[in-house]
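Just below is one structure, and these are the notes that go with it.
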Amino acid sequence: MKIKDGFIQRTIGDTNIIVPVAEMVIEFKGMITLNNISADIWNFLSVDKSYDEVLEHILSSYDIDRDTAKSDLDRLLNHMESSGVLEI
């Protein structure tokens, strides 16, 4: 899975936002706000990664247990997929 082409992440002040660019501006109306961990995952998904690779990245980068990491990751990926910004 990876982030679809046509979206970029920018940090404005201390806020991480995802905005559409080019042709995606027509299809995707709006923007997505990410917390710092979600922004890290977004950047990690700039190239194709498996679910397990993303989960291991989270576990090695943050002090979090596997069950909580899986639950939070599932929620984020579901939101990203339903928003149309993630290629599975």
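Values computed for the structure shown
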{"read-out": "Region 19-55: number of residues that are touching a residue at least 40 places away in the same chain (Cβ under 8 Å) and more than 12 Å from Leu73 (Cα to Cα)", "value": "9"}
{"read-out": "Ser83 vs. criteria under 30 Å from Glu23 (Cα atoms), free of Cβ contacts under 8 Å to residues at least 60 places away in the same chain and touching a strand residue (DSSP E or B) at 6+ places or on another chain (Cβ under 8 Å)", "value": "yes"}
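We did not get these values from a lab; they are worked out from the coordinates using the rules stated. Nothing here was measured: the structure is a model prediction, and the numbers come from that model. Glycine also receives a Cβ, built like all others from the backbone with ideal geometry; neighbour counts cover every protein chain displayed.
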